Amino acid sequence: MDTKELLKKVRKIEIKSRRLSDHLFSGAYHTSFKGRGMTFSEVRQYQFGDDVRAIDWNVTARYNEPYVKVFEEERELTLMLMVDVSGSEHFGTGQQFKRDTITEIAATLAFSATQNNDKIGLILFSDQIELYIPPKKGKSHVLRLIRELIEFVPQSRKTNVSKALQFLSATQKKKAIVFMISDFISPEDYEKSLKIAAKKHDLTGVRVYDIRETQLPNVGLVQFEDAETGALMTIDTGSKKQRQHYEKHYLERVAIFKELFSKCGLGVIHNRVDESYVTKLLTYFQSR
């Protein structure tokens, strides 16, 4: 992708994501994710209805009238975006690939965090850590993250969710808001790594999928290529048994994802490529 085309794509995603974050998500994001605690802000004169427990007795004695301490939420947080860039994300049977939807979701979350003056970091992973950008504030930083999401070419096509979670736990020592965006098609068992990450971070799994991953249409003999291994296979989609086997295998993978995140007390979002991620994110924020 040449520079001109890249900048055009970045600008397009920026306009859409900023509009959503400005008008829809910044308030919902702020309400959903709380700060680390309360910090002292100032003292002011006592007003009717103030909690008497907040009276600053030293200042009250000095001025011979009641003053109260005012506290405010320590708002600054860190948002970590963990994005799957394996081969299976380059799949789509509609107007766009899963990776395009993932990029838009990540960008919208990043701009929402920026509206709240939070830091944003990025981890791109396959079956290895492809790229790590430490958390930082600012619009220019967010635009850099979007550029990487659009043009980054991973070294591997495979997936290892466990390795990505281990890297998160190793690099983020303080509690962070974490959105892991993937199709969660991982052959590795990631339960142990998920439990460790869940103890420290506020983690949400965003599962992005295409409708043709859920069930096969009846179109006769079709040759498929595994996006992560490159293996070729021919499937008779005219066979009801084959279609049922395909759907059963898919539902088993989804059940594993749901069970693991539920067991760890974590939130999940299921978003099909042709569905509105705006609705899904708002519903999730409101449910918290």
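Quick rundown of the values:
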{"quantity": "Mean Cβ count within 10 Å, highest first, over the residues of peptides 280-286, 182-188", "calculated": "182-188, 280-286"}
{"quantity": "Contour excess over end-to-end distance, with Cα ends at Val153 and Lys12 and 0.36 nm allotted per residue", "calculated": "48.7 nm"}
{"quantity": "Rounded to whole Å, sorted largest first: equivalent-ellipsoid semi-axes of the chain, Cα gyration tensor", "calculated": "44, 21, 17"}
{"quantity": "Accessible solvent surface per residue of the chain, calculated while the other protein chains remain in place, 1.4 angstrom probe, Å²", "calculated": "54"}
{"quantity": "Value of Rg to Rh for the stretch 48-196 (Rh from inverse mean 1/r over Cα pairs, i.e. Kirkwood)", "calculated": "1.22"}
{"quantity": "Shape call, the stretch 147-271: gyration tensor on alpha carbons, a/c limit 1.5", "calculated": "prolate"}
{"quantity": "Filter on Lys199/Lys263; Lys8/Lys158; Lys163/Lys195; Lys200/Lys263; Lys163/Lys192 - keep pairs with C-alpha separation over 18 Å", "calculated": "Lys8/Lys158"}
{"quantity": "Antiparallel %, DSSP beta bridges [both residues in the chain], to 5", "calculated": "45"}
{"quantity": "Estimated vicinal HN-Hα couplings, Hz - the stretch 172-188 in sequence order (Karplus 6.51, -1.76, 1.60; Gly, Pro = x)", "calculated": "9, 6, 9, 4, 9, 7, 10, 10, 9, 10, 6, 8, 6, 8, 10, x, 7"}
{"quantity": "Protein accessible area in the chain, 1.4 Å probe - carbon and sulfur %", "calculated": "51"}
{"quantity": "C-alpha long axis of helix 277-287 to longest principal axis of the chain, angle in °", "calculated": "40"}
{"quantity": "Gain upon complete extension [Arg288, Leu221; 0.36 nm per residue less C-alpha separation]", "calculated": "19.6 nm"}
{"quantity": "Cβ-defined net charge surrounding Val268, 11 Å radius [Lys, Arg +1; Asp, Glu -1]", "calculated": "+2"}
{"quantity": "Amide H partners (placed H, <5 Å) of Arg44, local residues excluded", "calculated": "Val68, Val70"}
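The values are calculated or read from the model by the stated rules, or taken from the named source; none is laboratory data. Keep in mind that what you see is a predicted model, and the values were worked out from it rather than measured. So basically every Cβ, Gly included, is an ideal-geometry build from the backbone, and we count neighbours across all protein chains shown. Heads up: the accessible areas ignore ligands, DNA and RNA and are worked out on the full protein's heavy atoms, side chains in. Shrake-Rupley method; radii C 1.70, N 1.55, O 1.52, S 1.80 Å.
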